[in-house]
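Everything below concerns the one structure shown next.
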Amino acid sequence: MGISIELEVNGASVSKEVEPRLLLAHLLREELGLTGTKIGCDTSQCGSCTILLDGQAVKSCTVLAVQADGGEITTIEGLANGEYHPVQQAFWDNHGLQCGFCTPGMIISCVDLLGTNPQPSEDEIRHGLEGNLCRCTGYHNIVRAVQDAAETMNG
Amino acid sequence: MYPSKFDYHRPSSVQEAVQILSSNPDAKILAGGHSLIPVMKLRLAAPAALVDIGRIDALQGISRSNGSLRIGACVTYHEIANSADVQAAAPALAEAAGQIGDRQVRYRGTIGGNLSHADPASDLPAAALALGATLHVTGPGGSRSVSASDFFVDLMMTALQPDEILTGVEVPVAQSGTGSAYVKWEHPASGYALCGAAAVVTRGASGSCTGASLCFNGVSSTAVAATAVAASLVGSDLSDATIESAVGDLSIPDATGDMFASAGYRQELAKVMGARALSTARDRA
């Protein structure tokens, strides 16, 4: 049985008929081709699938597509606007990644973190990113990237 | 990993949700989904239908009236942890909500889902128990209220009937002289409580203790109240030495252990976390 849902994904309207069990992460990756969002652990721990749903960072592998009906979604593909988002640029400048698999989710979480706390301390950054795992353990440069992005965004 | 197939219902009222539950014996309630969806993906649960209560207006919002705080079942951990009303009226609850999972989980997980799931290692049950919360429940026969002390029956078992919905949680507003706190020692990988302690302390005009409550998550199959320790504090001066001595006598007869932490270890941890929770609550009283 298909359920009709409507979403706004990265600014574009999307209408889909979906199976109730379809996870938001699979809708984004497989139906909409937005493969920037990764699926890492599939058990709600690693945060690779983090996207913004109505402005809040959520793990899209743990949200049903039907639950997101009517919502506004931003994925890593929707962050840049002609030029990189300051958080993307800061990850580039500070080499805030190693293999890059966790990076899309990490960047989305950082955008959410800086939205609620524009000047986080190092401790607040590490605590704020506890829902995103980097298996390369590249956390030091990620923290530097967030500090750099905060500085840029506070202008 | 996909869950098994299920029918999806999105009722707009509690009554409609109860009707759907009554006519679908194998249905489960979906709130934030952060406990249910993971177990469905692992195929540990395969309900025939989900009743998504996430858009029912009556289950949203935090309000304060007549000395109590009412929190709708679908209020998220994020909302509770950041609510000025909860921070002022029941700091232990705000602290417990703010320590669940991670940032992303706290945006989705709900108080109603958490308490109904009754995971003994989660953070809210002990806080609800220590604060003397009342849980409001609606079923086909109408509504009833259950005290937190009657709600948690056993490991992931509550007083909720299969066709009942937890609609809201009522917590008394802390009066002057009352303080509360929640502290936990978490599993370093999962973040679940190896031991979480919630304490509520009331001091009289002379500064001596006129009421105390101390409850734990993570050490037993349900949240447990350390009633003897709490009772021994009433009438005391609540000094650090008094608290240390009181928690030294703590005994949790049905403490449980696993490969990560034995029952004995958790029991010792409970003494330390219990003392920290009590002294923080005292400082706020």
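Mind checking B:30-37 for the average number of partner chain beta-carbons within 10 Å of each residue's beta-carbon? Let's see the in-between values first.
On the way: counts 4, 0, 4, 5, 5, 2, 1, 9.
If you average over the peptide's residues, the count of other-chain Cβ atoms is 4.
Given springs between every Cα pair under 10 Å in a Gaussian network model of chain B, which of B:Ala228, B:Ala270, B:Ala73 has the largest fluctuation?
Comparing B:Ala228, B:Ala270, B:Ala73 in a Gaussian network model of chain B, the most mobile one is B:Ala228.
With a 1.4 Å probe and all protein chains left in place, how much of the accessible area of region B:1-91 comes from carbon and sulfur atoms, in whole percent?
Working: 1950 of 4060 Å².
Of the solvent-accessible surface of region B:1-91, carbon and sulfur hold 48 percent.
Which whole number gives the average count of other chain Cβ atoms within 10 Å of the Cβ atoms across peptide B:108-117?
Other-chain Cβ atoms within 10 Å of each residue's Cβ, averaged: 1.
What is the interface area between chains B and A, defined as buried accessible area summed over both chains with a 1.4 Å probe, reported in Å² to the nearest 100? It would help to have the intermediate numbers written out before the result.
Working: alone 12860 and 8280 Å², together 18430 Å².
Summed over both sides, the interface buries about 2700 Å².
Below 8 Å, C-alpha to C-alpha, sequence gap of six or more: please give me the relative contact order for chain A in percent. Write down the numbers at each step before the final one.
Values: 277 pairs, mean separation 37.5, N = 155.
Computed over chain A, the figure is 24 percent.
What is the log10 of I(q)/I(0) for region A:1-154, computed with the Debye formula using one identical point scatterer on each Cα and no solvent, at q = 0.19 Å⁻¹?
Debye output, listed in q order: -1.11.
Pull out a ≥ b ≥ c, the square roots of the eigenvalues of the alpha-carbon gyration tensor of the protein assembly as shown, then state rounded if a/c is under 1.5, prolate if not and a/b is larger than b/c, and oblate in the remaining case.
Numbers: a/c = 1.94, a/b = 1.33, b/c = 1.45.
Oblate shape, in that a/c is at least 1.5 and b/c is the bigger or equal ratio.
What value does region B:57-172 have for Rg/Rh, both radii from Cα atoms and Rh as Kirkwood defines it? Present the calculation step by step, with values, prior to reporting the outcome.
Working: Rg = 12.9 Å, Rh = 13.9 Å.
Using only Cα positions, Rg/Rh for region B:57-172 is 0.93.
Considering only protein heavy atoms, what per residue accessible area in square angstrom results for region A:1-130 with a 1.4 angstrom probe?
Values: 5520 Å² over 130 residues.
For region A:1-130, the per-residue accessible area is 42 Å².
How crowded by other chains is B:3-11, given as the mean number of beta carbons from other chains within 10 Å of each beta carbon? It would help to have the intermediate numbers written out before the result.
Details: counts 6, 1, 4, 5, 3, 9, 1, 5, 0.
Mean shielding by partner chains, rounded to a whole number: 4.
Please state, rounded to one decimal and in Å, the Kirkwood hydrodynamic radius that chain B gives when every pair of distinct Cα atoms enters the mean of 1/r.
After inverting the pairwise mean of 1/r, the radius is 19.2 Å.
Under 10 Å, Cα contacts only: if you run a Gaussian network model on chain B, which one of B:Asp163, B:Asp102, B:Asp123 comes out with the highest mean-square fluctuation?
Of B:Asp163, B:Asp102, B:Asp123, the most mobile in the Gaussian network model is B:Asp102.
Over region A:18-106, what is the relative contact order in percent, taking alpha-carbon pairs closer than 8 angstrom and at least six residues apart? The partial results should precede the final answer.
On the way: 125 pairs, mean separation 29.3, N = 89.
Result for region A:18-106 is 33 percent.
Using only the alpha-carbon atoms, how far is helix A:103-116 inclined from the longest principal axis of chain A? Give it as 0 to 90 degrees, nearest 10.
80
Per-residue counts of other Cβ atoms within 10 Å, averaged by peptide: what ranking do you get for B:212-224, B:129-141, highest first?
Working: B:212-224: 26.5, B:129-141: 20.8.
Going by the mean number of other Cβ atoms within 10 Å, highest first, we get B:212-224, B:129-141.
Students often check this: by mean Cβ neighbours within 10 Å, which of A:27-39, A:64-76 ranks highest, and how do the rest follow? Display every interim value, and only then the final one.
Details: A:27-39: 18.6, A:64-76: 21.4.
Output ranking for A:27-39, A:64-76: A:64-76, A:27-39.
Residue-wise, which Karplus ³J(HN,Hα) couplings in Hz belong to region B:209-222, taking 6.51 cos²θ - 1.76 cosθ + 1.60, θ = phi - 60°, and x for glycine or proline?
Ordered by residue, 3J(HN,Hα) equals 6, 10, x, 8, 9, 9, 9, 10, 10, x, 9, 8, 6, 9 Hz.
Taking all protein chains as present, what is the carbon and sulfur share of the accessible area of region A:3-78, in % to the nearest whole number, probe 1.4 Å? Let's see the in-between values first.
Details: 1000 of 2650 Å².
Within region A:3-78, the accessible surface is 38 percent carbon and sulfur.
Here are some pairs, A:Lys38/B:Lys28; A:Lys16/A:Lys59; B:Lys5/B:Lys28; which of them have Cα atoms lying more than 22 Å apart in this structure?
Over 22 Å apart, Cα to Cα: A:Lys38/B:Lys28.
Taking N as the number of residues in region B:178-284, what value does Rg over Cα atoms divided by 2.2 N^0.38 Å take? Kindly include the intermediate steps, with their values, before the conclusion.
On the way: Rg = 13.5 Å, N = 107, 2.2 N^0.38 = 13.0 Å.
Normalised Rg, Cα atoms only: 1.04.
Using alpha carbons only, how many degrees (0 to 90, rounded to 10) separate the axis of helix A:139-154 from the longest principal axis of chain A?
Taking the Cα atoms of chain A, the angle to A:139-154 is about 90 degrees.
Tell me what chain B gives for mean residue ellipticity at 222 nm when only DSSP H runs of n ≥ 4 count, each as -39,500 (n - 2.57), the sum divided by the residue total, rounded to 500 deg cm²/dmol. Spell out each step's value before the answer.
Working: 12 runs with 97 residues, N = 285.
Calculated from helices alone, the mean residue ellipticity at 222 nm is -9000 deg cm²/dmol.
Using modelled amide H (1.01 Å from N, peptide plane; none on Pro or chain starts), what sits under 5 Å from the amide H of A:Leu64, excluding residues fewer than 5 places away?
A:Leu24
Rank B:Val229, B:Val75, B:Val183 by mean-square fluctuation in a GNM of chain B with C-alpha springs under 10 angstrom and give only the top-ranked residue.
Maximum among the listed residues: B:Val229.
What ranking do A:126-132, A:136-142 get when scored by the average of other Cβ atoms within 10 Å per residue, highest first? It would help to have the intermediate numbers written out before the result.
Numbers: A:126-132: 20.0, A:136-142: 15.7.
Those peptides, ordered most packed to least, come out A:126-132, A:136-142.
Given N residues in region A:102-149, what is its alpha carbon radius of gyration divided by 2.2 N^0.38 Å? Before the final figure, lay out each step's value.
Values: Rg = 9.5 Å, N = 48, 2.2 N^0.38 = 9.6 Å.
Rg over 2.2 N^0.38 Å, computed on Cα atoms: 0.99.
The values are calculated or read from the model by the stated rules, or taken from the named source; none is laboratory data. Being a predicted model, the structure only gives us computed values, none of them experimental. With ideal geometry, Cβ positions are generated from the backbone for all residues, glycine too; neighbour counts draw on all protein chains shown. Just so you know, the surface numbers come from the protein's heavy atoms only, side chains and all, with ligands and any DNA or RNA stripped out. Shrake-Rupley method; radii C 1.70, N 1.55, O 1.52, S 1.80 Å.
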